Amino acid sequence: MKRSGNWLAQRRAQRAGDGEERIVPTAHERYEIELHCGRCRRTTVHLVAIGDRSLSRVLCIPCGRAVAVDTLQFMEQYVDSVMRRLMAKPFEITTEFTRSPREFITSLPSRVLTKPFRVAAELRTTMDIVRLRRRTPLPPPPTMPAAPGELPAVARRCKVLLSAPLMWAHSAEEIVDAASDLGYDGVEMWAYLLSWGAADPAAVKARAQQRGLLLTLHAQSWDLNLSSRLDPIRAASLDVTHASLDLAERLGARLVVIHPGRITVPFDDAEAYWPRLVASLRDLADDAAARGLQLGVEHMEPRQGEYVVTPEHANRLVRAVDRPNVGTVLDTAHIPWGEDEPAFIAGLEHVVHVHFSDADESRLHLPLGQGGRDLVRLLGALREYRGAIALEGFSIEAGTDLVRWNKGRFEELWRESTGAYRDATSDTTSWGVATT
């Protein structure tokens, strides 16, 4: 059991009918717990939002199934899962030792040393759920339905992808496995990770196909400049990006994300770079079309040197390239701070792919809910989008903590963007709860 975050702020909403302003309480603490999911029909990681003393909301991270449960019933389920794990542990230990005695013996000391701390953390978190400790300041807990029951499924036309940098310490195969286990629809691989890890694209492709996952590829972009005014730099950048297209074809990825060029001479005029960028993208687009690939050009954050930043810039570039397999990649973290995000999205004419993460005034690509973006409003603007949304971020730590958190929060945020989580103080129908 793992406790996650208390950084969510309250949202305000207008009470229908009388115009009285009311606070819509949101979860200020969430817990990750392994429980059996009735929809997945297996033990999966759940995100638990504690409500008042009697009700809690439990959401399966892989499939998004959400249930409002009696807190006592939830605790019974958790204790049952603990007992199941305890009963299965001797068999797991025997299997581990039989499969790899050397690895088992070498890892035993560290496991023995850390196990008491993990058990203590679980016990403390369990007591938090049973009896919430006093904290100051303490935001109001989430309001739950008046009666327990399963919340209705929420339709989603887009696909949700795991962005590979969230698991930078892992191999491509391990990333594919994690995406499958956590209910992602696919993976956005990065050419850097595949080349540095000497991954076999055919093996990664087969693994993803076996698990029914979609693959996209982020082309190499670091140290490159497709619009450089130095011909050798531009030529080298083109060669490396063409190699990314070849990698995408072998990987079975149908879409490749590309960064535009940038200004490299201080105080230079951006107009001098446009013809070179357009020529580079036409060259790449023709190569991509021959391979059956689509190109997505990412609009960048407003920093020195970037000149494809606004919807007007992105639209101008797509029109100038004038190739049917070239569109824009929307990156929500790159939207200039203080701009109206839905208006920014509405201004883009040809979005073929989306990068989704949180941000604040000084930091980009934060875990969902840890920045200052209105993510519910952002997702509301993407409700009719039918492409892929890659949940972005970066972690050099081994493990799946961040990808679990992002997937669970995305499922919650998507529900909120549909109005599925609303103030429930009046009746249960505002939550759409199927009471039992």
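The values are calculated or read from the model by the stated rules, or taken from the named source; none is laboratory data. Given the structure is predicted, the values throughout are model-derived calculations rather than measurements. Glycine gets a Cβ as well: all are built from the backbone with ideal geometry, and neighbour counts include every protein chain shown. All accessible areas refer to the heavy atoms of the entire protein, side chains included, with ligands and DNA or RNA removed. Shrake-Rupley method; radii C 1.70, N 1.55, O 1.52, S 1.80 Å.
The set of residues in the stretch 303-325 being modelled with pLDDT under 95 and within 27 Å of the chain's Cα centre (by Cα) consists of R303 alone. Contact map, the stretch 254-276: residues that are touching a residue at least 60 places away in the same chain (Cβ under 8 Å) and assigned to a strand (DSSP E or B) paired with residues that are polar (S, T, N, Q) and open to solvent by less than 10 Å² (accessible area, probe 1.4 Å), Cβ distance under 6 Å, separation 6+ or inter-chain. Pairs shown: L255/T216. Among residues that are free of Cβ contacts under 8 Å to residues at least 60 places away in the same chain, among the small types (G, A, S) and either open to solvent by 20 Å² or more (accessible area, probe 1.4 Å) or farther than 27 Å from L215 by Cβ (or both), A248 is not included. Do the conditions hold for G292, that is, is it modelled with pLDDT of 95 or more, farther than 23 Å from L230 by Cα and out of contact with any Lys or Arg (no Cβ under 9 Å at 6 or more places or on another chain)? No; evaluated as a whole, the condition is false for this residue.
The residues of the stretch 288-305 that are open to solvent by 30 Å² or more (accessible area, probe 1.4 Å) and either assigned to a strand (DSSP E or B) or not small (G, A, S) (or both), listed by number, are R291, Q294, P302, R303, Q304.
Determine, yes or no, whether L193 is touching a Pro at 6+ places or on another chain (Cβ under 9 Å), aliphatic (A, V, I, L, M), within 28 Å of E397 (Cα to Cα) and open to solvent by less than 10 Å² (accessible area, probe 1.4 Å). Criteria not met by L193. Taking the listed residues A398, A359, A388, A333, the one that is among the aliphatic types (A, V, I, L, M) and either more than 23 Å from M189 (Cα to Cα) or in contact with a Cys (Cβ under 7 Å, 6 or more places away or on another chain) (or both) is A388, with no other qualifying. Answer with yes or no whether L132 is of a type outside the set (S, T, Y), surrounded by fewer than 14 Cβ atoms within 10 Å (Cβ to Cβ) and modelled with pLDDT under 75. Considered against the rule, which asks whether it is of a type outside the set (S, T, Y), surrounded by fewer than 14 Cβ atoms within 10 Å (Cβ to Cβ) and modelled with pLDDT under 75, L132 comes out as no. When the test is whether a residue is under 18 Å from C60 (Cα atoms) and of a type outside the set (K, R), A178 passes it.
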